[in-house]
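S.K.: Have a look at this one before I ask anything.
The values are calculated or read from the model by the stated rules, or taken from the named source; none is laboratory data. Model, not experiment: these values are computed from the prediction. Every residue, glycine as well, gets a Cβ built from its backbone with ideal geometry; the counts of neighbours run over all protein chains shown.
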Amino acid sequence: MKLTNLLTSAAMALGLATAAVAEDPTKVGFVYVGPVGDGGWTYEHDQGRKAVVAEFGDKVETVYVENVAEGPDAERVITQMALQGADLIFTTSFGYMDPTNNVAAKFPDVKFEHATGYKRNTENVSTYSARFYEGRAVQGTIAGHMTESNIVGYIGSYPIPEVIRGINSAYIHAKKVNPDVEFKIVWAFTWFDPAKEADAAKVLIEQGADVILQHTDSTAPQAAAQAAGNVITFGQASDMAEYGPKPRVSSIIDDWAPYYIARTKAVMDGTWTSTDTWDGIGAGMVGIGEISDAVPAEVKAEALALKAALADGSYHAFTGPITKQDGSAWLADGETADDGTLAGMNFYVEGIEGDIPQ
Amino acid sequence: MDLSAINPVLLIASLMVAATPLLFAAIGELVVEKAGVLNLGVEGMMIIGAIAGFATAVETGSPLLGFVAAAGAGALLSVLFAILTQFAQANQVASGLSLTLFGLGLSALMGQSYVGVKPPQMEKLNIPVLSDLPVVGPILFGHDLMLYVAIALIAAVWAMIKFSRLGLVLRAVGENHDAAHALGYKVVRIRILAILFGGACAGLGGAYISLIRVPQWTEGMTAGIGWIALALVVFASWKPWRVLLGAYLFGGVTVVQLNLQAAGVAIPVEYLAMSPYLITILVLVILSADKSSAPAALGRNFHASR
């Protein structure tokens, strides 16, 4: 008797479970390059994921995988997500570009969104990125004013257009307010490795840099700057406010939430199409974190004015005259850079020393 | 390219910091190997020390307590190795390797909630007058306490092995455990103590990375330092002062290559990145060309009945 009861209830539970599945929430997958607690890049993508959950509640189911190495391993993880029934998959690092497109070719019914890349081989792949270089222009302005040694240290991750754009933009605007400024660049060849990032920051500080800009994701350079004393830094990808008001004097904040919500909605409504989105300060995808009191009021005002000009489109971060590092002309007076050149940028502007690693 | 931007004093000061985790791990392993035990689990014990020390320092607010916890955690993990090899007579190489894999996995689990957390800072020693001396000040008197502990440990181990009765017993056990047993020494007990010491040292080395050198917690943050320590002990011919030399050489080249990069030297970054490993191994191989050899009983299990 008892056994029959048990079996009946089990069968009922199974029936209920099937009914629940039948409602079929939209399944959204996220592939992260670092841990969600990195306090930078991946943290902000995960905030975007949480915003999607908050917006749609039971109608979505999100899954994510952290610390996915760029390359073949990524392809395995993305395939796994697609096999598990994801309707929409966000792959959030440049190095997932080929894996994303490879998997997308095999799953035509699944929508793929690749961050910071440019390949859309099939109809079910979109790319999206933010114009971080606009934020770099604001940072460069503050850096140029604030540096006393006239040496700005820059921790690069990989020599890809995204990072090179940031270096050029920061340099152009630092140079504009401080003609004597010099950039020292160290390539860490990682997006997230606190030990390497800390070492790089320490070396730059030892060589006289009193401003550290980073294009890597952890807060380790902030900690190194704090230990060194009289050095300022900027939060990268996330606000990193716990290191304010000094060394962290401002930050670039990525805000992916509106985009993630819009794209999820598009999949739900069946209106999703392959697009290429590249938004900046104006659209709110790039935010400038609170400029702290360690920055003099007039510098802060200048930085905010630049931010406003970038936001309303009256000023472009790459406005000529700009000459390339090798001395050849790039932009004539008043000319602005086109998106094609920016997307594939593989040269330094005049004045930056050293070579881009190949 | 501007080599004048490199400040030799700061360079030496920071190479000492870069070398200290290696120093801790290697001197611990040296004692273990002198006792005739080969523990390949250094990396695993280091990373467990790194997370245990980090977590304790964050929870209590005291970096010193963190180091104590790290030593404890490293020793605790090495107990597993001791049980496997000294009582269960398991193969030392296999046990050590599994210890490393286990440590890496366990630390990732323990560290889940500590990613991105800011640890309390360890104060640098600030000796009036001495710390302010030019050149000598930053190099000799401007560091944190643990760096001096590491150097003191090298000196202590050297003196212990060379001059003390304890050192003689340790070497006897490592060279010929049957003879040592016949003389009435407790081979297993001495080896277990050596393994525990090695575990505690590796734990300290790990915590030095997570609490001072970086300071932050990330999965797998020891990044192979444990393996370098193992190689260093061999190439240093089981001599404490050569371990110090090798560690400083490794730390030195690591720091110099970053300095060269920042100074804009036109050498491809990949060559610079591999240089610490190459140069350290090269120098120590040349040094180890003398007669000194491994403890004769290294890696061999002992059982009184045999």
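S.K.: Could you grab me the full set of residues in region B:1-41 that are hydrophobic (A, V, I, L, M, F, W, C) and either touching a strand residue (DSSP E or B) at 6+ places or on another chain (Cβ under 7 Å) or farther than 30 Å from B:Gln261 by Cα (or both)?
M.R.: Correct list: B:Ile27, B:Leu30, B:Val31, B:Val32, B:Ala35, B:Val37, B:Leu38, B:Leu40.
S.K.: Under 8 Å between Cβ atoms, at least 6 apart or on separate chains: pull out the pairs that start in region B:116-129 with a residue that is touching a residue at least 12 places away in the same chain (Cβ under 8 Å) and on the phi > 0 side of the Ramachandran plot and end on any residue that is surrounded by 14 or more Cβ atoms within 10 Å (Cβ to Cβ) and in a loop (DSSP other than H, G, I, E, B).
M.R.: B:Gly116/A:Pro35; B:Gly116/A:Gly37; B:Gly116/A:Asp38; B:Gly116/A:Gly39; B:Gly116/A:Ser218; B:Gly116/A:Thr219; B:Gly116/B:Gln216
S.K.: Next up: Any residue at all in region B:197-205 that is modelled with pLDDT of 85 or more, within 14 Å of chain A (Cβ to nearest Cβ) and in a helix (DSSP H, G or I)?
M.R.: yes
S.K.: If B:Asp290 passes every condition in (1) of a type in the set (D, E, K, R); (2) touching a residue at least 60 places away in the same chain (Cβ under 8 Å); (3) out of contact with any helix residue (DSSP H, G or I) (no Cβ under 8 Å at 6 or more places or on another chain) but one, which one does it miss?
M.R.: (2)
S.K.: Here's a follow-up. Going by the structure shown, is A:Gln226 outside any loop (DSSP other than H, G, I, E, B), modelled with pLDDT under 90, within 27 Å of A:Glu298 (Cβ to Cβ) and within 12 Å of chain B (Cβ to nearest Cβ)?
M.R.: Yes: the conditions hold for A:Gln226.
S.K.: Continuing with this model, one more query. B:Ala273: more than 14 Å from chain A (Cβ to nearest Cβ), free of Cβ contacts under 8 Å to residues at least 40 places away in the same chain and among the small types (Gly, Ala, Ser), yes or no? So that I can check it myself, show each step before the final result.
M.R.: Values: more than 14 Å from chain A (Cβ to nearest Cβ): no; free of Cβ contacts under 8 Å to residues at least 40 places away in the same chain: yes; among the small types (Gly, Ala, Ser): yes.
No, not satisfied.
S.K.: Please find, among B:Gly199, B:Gly184, B:Gly220, the residue that is touching a Gly at 6+ places or on another chain (Cβ under 8 Å) and small (Gly, Ala, Ser). Spell out the reasoning first.
M.R.: Numbers: B:Gly184 fails: touching a Gly at 6+ places or on another chain (Cβ under 8 Å); B:Gly220 fails: touching a Gly at 6+ places or on another chain (Cβ under 8 Å).
Criteria check complete, one pass: B:Gly199.
S.K.: I want to confirm something. Restricting to region A:168-204 and keeping residues that are in contact with a Pro (Cβ under 7 Å, 6 or more places away or on another chain) and more than 7 Å from chain B (Cβ to nearest Cβ), which single residue is nearest to B:Ala263 (Cα to Cα)?
M.R.: The qualifying residue nearest to B:Ala263 (Cα to Cα) is A:Ala201.
S.K.: Here is a further query. Please indicate, with yes or no, whether at least one residue in region B:282-300 is within 14 Å of chain A (Cβ to nearest Cβ), buried (at least 21 other Cβ atoms within 10 Å of the Cβ) and more than 16 Å from the chain's Cα centre (by Cα).
M.R.: Filtering region B:282-300 down to residues within 14 Å of chain A (Cβ to nearest Cβ) leaves none.
Within region B:282-300, none of the residues are within 14 Å of chain A (Cβ to nearest Cβ), buried (at least 21 other Cβ atoms within 10 Å of the Cβ) and more than 16 Å from the chain's Cα centre (by Cα).
S.K.: Give A:Ala237, A:Ala201 a once-over and let me know the one that is over 21 Å from A:Ala115 (Cβ atoms), out of contact with any Lys or Arg (no Cβ under 7 Å at 6 or more places or on another chain) and of a type in the set (A, V, I, L, M).
M.R.: Going through A:Ala237, A:Ala201 in turn, the sole match is A:Ala201.
S.K.: Inside region A:335-358, can you point out the residues that are within 14 Å of chain B (Cβ to nearest Cβ) and among the β-branched types (Val, Ile, Thr)?
M.R.: Scanning region A:335-358 gives A:Ile352, A:Ile356.
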